[in-house]
1. Roll a 1.4 Å probe over the protein heavy atoms and report the accessible area of LEU32 in Å², nearest 10.
2. Rounded to a whole number of µm²/s, how large is the Stokes-Einstein D of the chain at 4 °C and 1.567 mPa s, given Rh as the Kirkwood radius over C-alpha pairs?
3. Taking a virtual spin label 7 Å from the Cα of HIS50 along the C-beta vector, which residues in segment 1-23 bring their backbone nitrogen under 17 Å of it?
4. Can you tell me the orientation of helix 2-27 relative to the chain, as the angle in degrees between its alpha-carbon axis and the longest Cα principal axis, to the nearest 10?
Amino acid sequence: MKNLLKGAAVAAVVLVVLIVINVFCNMHDIHLDQTATGTVSAVCAMLFYHGLTRKK
């Protein structure tokens, strides 16, 4: 159950950061590639989650 909550928190943080980046880029007329942005955000979320759930 604890890992599920950590996963939800990681997903929420990654989505908020992605929204902020997209808003900033849209305000400055920078167009991001959706495929690359989605892939990079998914990989970052997996690495962040793995770092949080790693056993010491």
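1. 70
2. Details: Rh = 12.4 Å.
This corresponds to a translational diffusion coefficient of 105 µm²/s.
3. Under 17 Å, as judged by backbone N against the label point of HIS50, lie 7, 10-11 of segment 1-23.
4. Taking the Cα atoms of the chain, the angle to 2-27 is about 10 degrees.
The values are calculated or read from the model by the stated rules, or taken from the named source; none is laboratory data. As the structure is a computational prediction, the values presented were derived from the model and not from experiment. With ideal geometry, Cβ positions are generated from the backbone for all residues, glycine too; neighbour counts draw on all protein chains shown. SASA here: full protein model, heavy atoms, side chains in, ligands and nucleic acids out. Shrake-Rupley method; radii C 1.70, N 1.55, O 1.52, S 1.80 Å.
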